[in-house]
C-alpha cells in the first residue's frame, strides 16, 4: 500500500503525470486508484465546484482552508484509507500542501502555519502520504501551458501571486522532508521517467 501525491503550481502537469503514472503502475500489475483534491467524493466534488468557480468571488483564507480540509477529510476517511487497506497504490492530484501554500505561505496575511499543521493532522488522522512530488517550473512556462484553458478562481490571479505560490511551494519543500522537488519544465517523457525512478523504492 502506497499513497503518492503530485502537487505544485497550476500548469505543472499534475493531471497528465498522475494519469501516466497510473498507467505505468497498472501495467506492472499494481492495483491503482487515481484521485484528485478537492474531489473524488460527492461532497468533495460539490466543494470543488464552489471553490474553483470564479463566480464564487473572494473568500477568506480561513473559509478556503476549512472547505478544502472538509473535502480532504471525506476523501481520506471514505476512499484513501480503505484503498490502502486493500493494498492499492493511491495516486492523488494535490493534498494539504496546496492549502499550506495558497492559504498561508503565499499570502501577506495568511493563516498560521502551525495551526494549519494541526488542522491537517485532524483531517488526515494516521493516513498520510508516503511522498509528495512537487512538480516545479517557472511561472512564465506554467502560464504558457495554461493559456488554452479557462482559468479557475485561483489560476485567474496575477503573475505576482503565482510567483509567490511557486516560492511558497519551494519553501514548503524545505520545511517538509516528505516533499520532493521535481523539475517539471522538461518534456513529459523525461519528467515521467524521473517520477518512475523515484517510485522504485516501493517496488
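Read the figures in this text as sums done on the coordinates, not as results from a lab. For clarity, every value in this text was computed on a predicted model and none was experimentally measured. Because the Cβ atoms are built from the backbone with ideal geometry, glycine has one as well, and the counts that use them run over all protein chains shown.
Annotations for the structure displayed:
- Residue selection: residue 151 satisfies the criterion of being surrounded by fewer than 16 Cβ atoms within 10 Å (Cβ to Cβ) and closer than 24 Å to residue 39 by Cα.
- The set of residues in the range 177-197 that are closer than 18 Å to residue 140 by Cβ and assigned to a loop (DSSP other than H, G, I, E, B) comprises 184, 185, 186, 187.
- Restricting attention to the range 154-167, the residues that are assigned to a loop (DSSP other than H, G, I, E, B), more than 16 Å from the chain's Cα centre (by Cα) and surrounded by 13 or more Cβ atoms within 10 Å (Cβ to Cβ) total 1.
- Which listed residue is outside any helix (DSSP H, G or I), within 18 Å of the chain's Cα centre (by Cα) and closer than 29 Å to residue 196 by Cα, from 135, 170: 135
- The residues of the range 110-130 that are part of a loop (DSSP other than H, G, I, E, B) and farther than 14 Å from residue 165 by Cα, listed by number, are 111, 112, 125, 126, 127, 128, 129, 130.
- Single condition residue 123 does not satisfy, out of (1) touching a residue at least 60 places away in the same chain (Cβ under 8 Å); (2) more than 15 Å from residue 11 (Cβ to Cβ); (3) under 16 Å from the mean Cα position of the chain (by Cα); (4) buried (at least 19 other Cβ atoms within 10 Å of the Cβ): (1)
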